[in-house]
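For reference, the structure is listed below as structure tokens.
The values are calculated or read from the model by the stated rules, or taken from the named source; none is laboratory data. These figures come from a predicted structure and were not determined experimentally. For neighbour counting, all protein chains shown are included, and Cβ atoms are generated from backbone atoms with ideal geometry for every residue, glycine included. The accessibility values were calculated without ligands, DNA or RNA, using every heavy atom of the protein model including side chains. Shrake-Rupley method; radii C 1.70, N 1.55, O 1.52, S 1.80 Å.
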Amino acid sequence: MPSVGAGVQEIRVRDERGAYRVFYVSKFEEAVYVLHVFQKRSQKTAQPDLDLGKSRYADLLKWRREEGR
């Protein structure tokens, strides 16, 4: 999902209770980082969900730099 960050991927899951999305990053060798999980309420992903994913991605990159990764 380039709109969230470089290397961010999305998993789409649907069951009898609704549709769900997972934003995650798997490009780092030490871990897969889950940035945000939410239930979809409409066709378009809500801006607050995108903003939260972007913010968590930026925090992840900052943390990795501080840790020397």
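Before moving on, here are some points about what is shown:
- Carbon + sulfur, % of accessible area of the chain - ligands and nucleic acids excluded, 1.4 Å: 49
- Trypsin sites (Lys or Arg not before Pro) within segment 10-42, DSSP loop, no more than 15 other Cβ atoms inside 10 Å: Arg17, Lys27, Arg41
- For the chain, the convex hull spanned by the alpha carbon atoms encloses 80 Å³ per residue.
- Between the Cα long axis of helix 47-67 and the first principal axis of the chain there is an angle of about 20°, rounded to the nearest 10.
- The lysines whose alpha-carbon is closer than 17 Å to the alpha-carbon of Lys44, local same-chain residues fewer than 8 away aside, are Lys54.
- Given charges at beta-carbon only (K, R positive; D, E negative), |dipole| of the chain in Debye: 240
- Accessible surface, per residue, of the chain when the full set of protein chains is kept, probe 1.4 Å, Å²: 71
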